[in-house]
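Below is one structure, written out as structure tokens; comments come after it.
Read the figures in this text as sums done on the coordinates, not as results from a lab. Fair warning: this is a prediction, and the values are worked out from it, not measured in the lab. Heads up, the Cβs are rebuilt from the backbone with ideal geometry, glycines too, and the neighbour counts pull from every protein chain shown.
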Amino acid sequence: MKTFLTILCCSWTLAASGNSIIVGPGLPVRSLKKAIELAKEKDTIRLQAGLYKEGAIILTKSLTLIGENNPVLDGEKKYEILLVSGKNITVQGIVFRNSGYSAMNDYAAIKLVDCSHVTLDRNTILDAYFAIHISNSVYSIVRNNRISGVPASEQLTGNGIHLWKSDHATIENNHIQGHRDGIYFEFVTASVISNNLSEKNIRYGLHFMFSNDDIYRNNIFRNNGAGVAVMYSKKVRMEKNHFEENWGASAYGILLKDITDSYIVQNSFLKNTVGIHMEGSSRIEIRQNQFRSNGWAIKVQASCDDNVFHHNNFTGNSFDVGTNGTLVLNKFENNYWDKYEGYDMNKDGIGDIPYHPVSMYSMIVEQNPTTLMLFRSFMVSLLDKAEKAIPSLTPENLFDNKPMMKKLSL
Amino acid sequence: MKRVYFFLFICGLTGLGACHPGPAPFAYGKDICYTCKMGIIDPKFGAELITQKGKLYKFDDVICLNQYVKSGATEEKDIRQLVVVNFEKENDFLDIHTARFLVSPDFKSPMGSHAAAFSTKENAEKLNTENKGQLLTWKELSAKLD
């Protein structure tokens, strides 16, 4: 009786977790399409090492698809490799390569449409148009994937991880390179992007449009064509990210356009043409960031208001702050500026005279970029000094009233 | 003699000045849109405004061009030409007033106008396979984009 019960118990557990179907060359089931056809809900398909050229594969059942020893799904540059639509699906450990290109449709190596709770884990995607394309989906998880595009075919490459009209997505620990935009969000809410490395993409490392209530933290955006763009969004938290080496006439660490009620906290901006470029943005708190060795640490257009910059470190930047108007509605306080030449008589660590971070020369350059040629010339230094004594061109009320004497430890 | 050279020199200068300004090809991945500041990268969409003095403004989507024109930053009398990228041919520019637009959710233009430009009505209709799209002139589209 006891044995019988045990067996019953075991078989019941097995049934609950589903059966396993093993797919591989030389095995009874050789094709992934066949396995998906045979599988029932909650089954697991174990794809063994090998090269599979099966065209477009469609997965709509709640399955777990696991690649063992890096099996390769090849799209032969013609097909969208895997289309997923459904719930509770996992795709793991598979190499996708050579997915197709189409001028009209956004072909992707993995496409998720109308999904909930789908996980893409530890996959490798090579030479795709779009690598991962997610639309109308909720609770998607994209983690530990390696994505590498073909930078040679410039504008004919799509985005690495592309999300559209989705919410509650988690994008973590991915490495993306060589795509148009590394990570792209349009109409995506309540989602988290963390610990990703997005580099050497043609346009932006991360591109946010119309996406509210999102967080991105601990990411590295390095050496992308134009840095990172966060546009037309509200309530975005940007924390502990690294924006590095985005060089070029229109490259920015972050480009903020029409952003409101957001936080930029504890990030580091290193060696960018412009660290942060702000346009039409309001109510953003920018604190505890490092701005080091940038052309401009910050460019604030006159269309920005109610932004607060406090407790940041500005070191080794050619220009600290640039602006295009004399009206200033933003506040700078308690920052450390390495160009500050003031004194601290009462030894409270705060400089006794305000620091004006906008130099006259940066105003001239803003209006006439070619004058940058004269940078570091004797005349320019002389003019800057004169302007400091008698301000005329620079916005009088853009200053840090409490500049720190010592670099903040962040 | 000197005078003749001087005269020729002046003629040369005026000749340069009379050089007809027209649309310039996009440097994809380098140019940015004047309105939205995004990098221009999609060769199927885009537009340009050329002023009487020959200054060129580039846009990644007609919605951005429309916004700029309506803003009045360049006065109407100073606009020499408005051109739009031919959806079917890279770096081929069509005059915006003769181009025909097909607006359909199938067209994923960078800033969401969903409008593609074609040289003729027939070419546009060829891509309107499921009849989801709307065929418009610039005047109609521009009114719609507000």
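How far, in degrees from 0 to 90, does helix B:2-18 lean away from the longest principal axis of the Cα atoms of chain B, to the nearest 10? Its long axis makes an angle of about 10 degrees. Computed extension gain for A:Ile22 through A:Glu239, at 0.36 nm per residue and net of the alpha carbon distance, reaches 73.8 nm. Helical content of chain B, expressed as a calculated mean residue ellipticity at 222 nm, amounts to -8000 deg cm²/dmol (DSSP H runs of 4 or more residues, -39,500 (n - 2.57) each, divided by residue number, nearest 500). Of the chymotrypsin sites (Phe, Trp or Tyr not before Pro) found in region A:324-410, those in coil by DSSP whose Cβ has at most 10 other Cβ atoms within 10 Å are A:Tyr343.
The long axis of helix B:62-71 is offset from the longest Cα principal axis of chain B by roughly 60 degrees. Look at the stretch B:26-32: the mean tally of other chain Cβ atoms within 10 Å of its residues' Cβ atoms is 4.
In nm, to one decimal, how far is the B:Lys144 label point from the A:Ala56 one, both placed 7 Å along Cα→Cβ? Going by the 7 Å Cα→Cβ label model, 2.7 nm. Other residues whose C-beta falls under 12 angstrom from the C-beta of A:Glu68 contribute a net charge of +2, scoring Lys and Arg +1 and Asp and Glu -1.
In the structure shown, do any of A:Lys200/B:Lys37; A:Lys235/B:Lys132; A:Lys53/A:Lys165; A:Lys77/B:Lys108 have a Cα-Cα gap over 28 Å, and if so which? It would help to have the intermediate numbers written out before the result.
Values: A:Lys200/B:Lys37 20 Å; A:Lys235/B:Lys132 35 Å; A:Lys53/A:Lys165 31 Å; A:Lys77/B:Lys108 22 Å.
Beyond 28 Å between Cα atoms: A:Lys235/B:Lys132; A:Lys53/A:Lys165.
List the GluC sites (Glu not before Pro) within region B:81-139 that DSSP assigns to loop and that have no more than 10 neighbouring Cβ atoms inside 10 Å.
On the way: sites: B:Glu88, B:Glu90, B:Glu122, B:Glu125, B:Glu130; in loops: B:Glu88, B:Glu90, B:Glu130.
Here the sparse-neighbourhood loop sites are B:Glu130.
Let me have the 222 nm mean residue ellipticity of chain A computed from DSSP H runs of 4+ only, each contributing -39500 (n - 2.57), with the sum over all residues rounded to the nearest 500. Rounded to the nearest 500, it is -3000 deg cm²/dmol.
Modelled spin labels at A:Lys87 and A:Ser381, positioned 7 Å past Cα toward Cβ, are 7.0 nm from each other. How far is helix A:378-389 tilted, in degrees, relative to the longest principal axis of the Cα atoms in chain A, given as a value from 0 to 90 rounded to the nearest 10? Computed tilt is about 80 degrees.
Classify the protein assembly as shown as rounded, prolate or oblate, taking a ≥ b ≥ c as the square roots of the eigenvalues of its Cα gyration tensor: rounded when a/c is under 1.5, otherwise prolate if a/b is larger than b/c and oblate if not. Don't jump to the answer; show the numbers that get you there.
Working: a/c = 2.54, a/b = 1.40, b/c = 1.81.
The shape class here is oblate.
Let me know the shape class of region A:303-410, please: from the alpha-carbon gyration tensor, a ≥ b ≥ c as square roots of the eigenvalues, rounded when a/c is under 1.5, otherwise prolate if a/b is greater than b/c, or oblate. Judged from the Cα gyration tensor, region A:303-410 comes out prolate (a/c at least 1.5, a/b above b/c). Bridgeable aspartates and glutamates around A:Lys407 (alpha carbons under 17 Å apart, same-chain partners fewer than 8 residues away excluded): A:Asp320, A:Glu333, A:Asp338, A:Glu341, A:Asp344, A:Asp348, A:Asp352. Taking the three principal axes of the alpha carbon atoms in chain B, the coordinate ranges are 72, 30, 30 Å, sorted in descending order.
Where both residues lie in the protein assembly as shown, what percent of DSSP beta bridges are antiparallel, nearest 5? Please report the intermediate quantities before stating the final value.
Numbers: 22 of 158 bridges.
So the antiparallel bridges amount to about 15 percent of the total.
If you wrap the Cα atoms of region A:34-118 in a convex hull and average its projected area over all directions, you get 5.2 nm².
Among residues other than A:Asn173 with Cβ under 14 Å from its Cβ, the summed charge is +2 (Lys and Arg +1, Asp and Glu -1).
Scaling the Cα radius of gyration of region B:33-105 by the globular reference 2.2 N^0.38 Å produces a ratio of 1.05. Let me know the whole percent of all Cα-Cα pairs from region A:44-338 that are separated by more than 26 Å. Distances greater than 26 Å cover 43 percent of the Cα pairs. Between A:Arg30 and B:Glu75, take the C-beta separation as r, use R0 = 51 Å, and let me know the FRET efficiency to the nearest 0.05. Efficiency computed from Cβ-Cβ geometry: 0.15. First select every other residue whose beta carbon is under 9 angstrom from the beta carbon of A:Met278; then total the charges, Lys and Arg +1, Asp and Glu -1. That works out to +1.
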